[in-house]
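Here's the structure, in structure tokens; my notes come after.
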Amino acid sequence: MAELRVAQRAIGIIGAGIAGPVFALQMLSHPTLRSLYKVTLFDQGSDPYTLSDTERMQTAGAAVGMSPNGIYPLYQLGLKEDIEKISTEIVGVSTWRAAYGPDSKPFQRVKDTVPGPHKLISRAEYASWSEDLQTNMRAMERRQLRAVLLDRIKSLGGDISWGKRLHALEALPDGSIKALFDDHHERTLDLVVGADGGWSRVRQHIILQQNHSASTTAAAAARWAPPYSNASNVYGIATHAPLQPGRDDTHGILLPRGLLSTSPLPANHIRWDLMVPEPADAPPHDVPAPVSPAADEEEPWQAAIAPGPYPRARTAALLRRHAAVFHPSARTFGRLLARSTRIVHAPLRQRVWTRSEIQGGGNGVVVGDAARLMLPSSGSGAAFAVEDGSVLAAAILNNPPRGERGGFQEALGRYAAARVGRGEKMRARADVYAKVVLGARWWWRVVREGVVLLAAAAAAAGGQGCGTGARARKDVKQFPFDLRVDVRLEKE
């Protein structure tokens, strides 16, 4: 008798950043999910396997911190060796206070600036230690993490379609969804997973499906857009950074207005983030500023500023203004800046979309930044993206679809219910932390002074005020490090 074979349901993932590939990998790695579903990744970018190193760098992000709640699913997928190879463990965390330092002289190179006043506030070790994983939070380049995920997907025979920019989604009467791309390619899918970032087309489709009348169109647009946080972030990676021995901590440097944070990466690289308050008027979200021709007096690092919503001259002036900020291992931020090969300046936006906005009752859902957009102060954007892909796969495993087409509503509803509350809790924490460290308003500067005094007193009492103490490894189980997501059938 011939074996009865069940047709696989088609799942399309829009976006191949972090959350999308993690979900695809979970679906491909579990034998039951792999047998029941045909998963395809669609991404608007070019195939990275056909690009030169220079071209890959032009589209690369900076670095991410991966906390234990995000590391766990990656290790469960068999990626431990790969993750450890591309990352560094964040063991020591030092907090400093620093002034801007003397203004650079005309035509002075940023690497030659003299550091301004500074002071160590506190130092801690093993602040994110996970006993079950035997590691702290880990720092890694985003492009390398993405490459690890995509390589494993390819090794498992996964389907990735490059150069596919989503144009629109059309809900069909039988519950399926037709995806239309800018190149006129079409694909009918049982489930669409939007992993397409803060300005997600998939989330836009979900919201508009619930707002059919003209009177609600404007409200729907407002619900779709991520609000501006009156701050911007400049981030980059310094290569072959000049380091002082014994200063390889992750450093958070409080500035009069803003925060500079850095972490070591493999191959003597350092990732850095400069978060500063900005005026309330936000630049257009997807319209790059005109690129002005390079001036003769420009330094090489200025050419590394990627095109974006801020004019390059404005970004360069902002960075030059911070060049004399003290840095514990490089002496000044300017020395890191001089060795940076890619610099990105972006407005900061933050929002956690509601359950009905990330899963509106149809067969569409969003994950990662498309479901919640976090400030860098959360330190959890990448880990939450990994959680999303894993929670969604587990929800589908335990709540299989009904009917001939579509039928994922129960699984998607359970996923959305599990994720919104956790995201909102993280958003609230990150929002308060950002306001304190940015110090844009006088009352937040007062709060910051109090926090600094308490931190210094606590560190001194614990023997770590001068950065020489060492804390014993103690399992850190509090939010957000507490979650462990397994893709397996729940016990009955």
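The values are calculated or read from the model by the stated rules, or taken from the named source; none is laboratory data. Here the structure is a predicted model, which is why all the values come from computation and not from measurement. We place every Cβ from the backbone using ideal geometry, glycine too, and count neighbours over all the protein chains shown.
The table below lists the values:
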read-out: The listed residue being at positive phi and either in contact (Cβ under 8 Å) with a residue 12 or more places away in the chain or touching a Pro at 6+ places or on another chain (Cβ under 6 Å) (or both), out of G163, G116, G158, G198; value: G163
read-out: Residue match in the stretch 37-51 (condition: modelled with pLDDT under 95, among the small types (G, A, S) and surrounded by fewer than 24 Cβ atoms within 10 Å (Cβ to Cβ)); value: yes
read-out: Qualifying residue in the stretch 385-396 (condition: more than 23 Å from the chain's Cα centre (by Cα), buried (at least 24 other Cβ atoms within 10 Å of the Cβ) and outside the structural domain of I207 (by TED's automatic domain parsing)); value: no
read-out: Positions within the stretch 464-492 being modelled with pLDDT under 75 and surrounded by 12 or more Cβ atoms within 10 Å (Cβ to Cβ), in sequence order; value: Q464, G465, G467, G469, A470, R471
read-out: Sole exception among (1) in contact with a Ser or Thr (Cβ under 9 Å, 6 or more places away or on another chain); (2) without any contact (Cβ under 8 Å) to a residue 60 or more places away in the chain for A416, by number; value: (2)
read-out: All helices (runs of 4 or more DSSP H) inside the stretch 321-407 with 3 or more residues being of a type in the set (A, V, I, L, M, F, W, C); value: 333-338, 381-398
read-out: Filtered residues of the stretch 83-94 (kept if within 19 Å of the chain's Cα centre (by Cα) and assigned to a helix (DSSP H, G or I)); value: I83, E84, I86
read-out: Filtered residue count, the stretch 172-226, keeping only those that are under 28 Å from the mean Cα position of the chain (by Cα), assigned to a loop (DSSP other than H, G, I, E, B) and modelled with pLDDT under 90; value: 1
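So that you can scan it fast, the table gives a plain yes or no per residue for (1) assigned by TED's automatic domain parsing to the domain that holds R271; (2) out of contact with any Cys (no Cβ under 9 Å at 6 or more places or on another chain); (3) surrounded by fewer than 16 Cβ atoms within 10 Å (Cβ to Cβ); (4) assigned to a loop (DSSP other than H, G, I, E, B):
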residue: R97; (1), (2), (3), (4): yes, yes, no, no
residue: G101; (1), (2), (3), (4): yes, yes, no, yes
residue: F107; (1), (2), (3), (4): yes, yes, yes, yes
residue: K111; (1), (2), (3), (4): yes, yes, no, no
residue: P115; (1), (2), (3), (4): yes, yes, no, yes
residue: K119; (1), (2), (3), (4): yes, yes, yes, no
residue: D132; (1), (2), (3), (4): no, yes, yes, yes
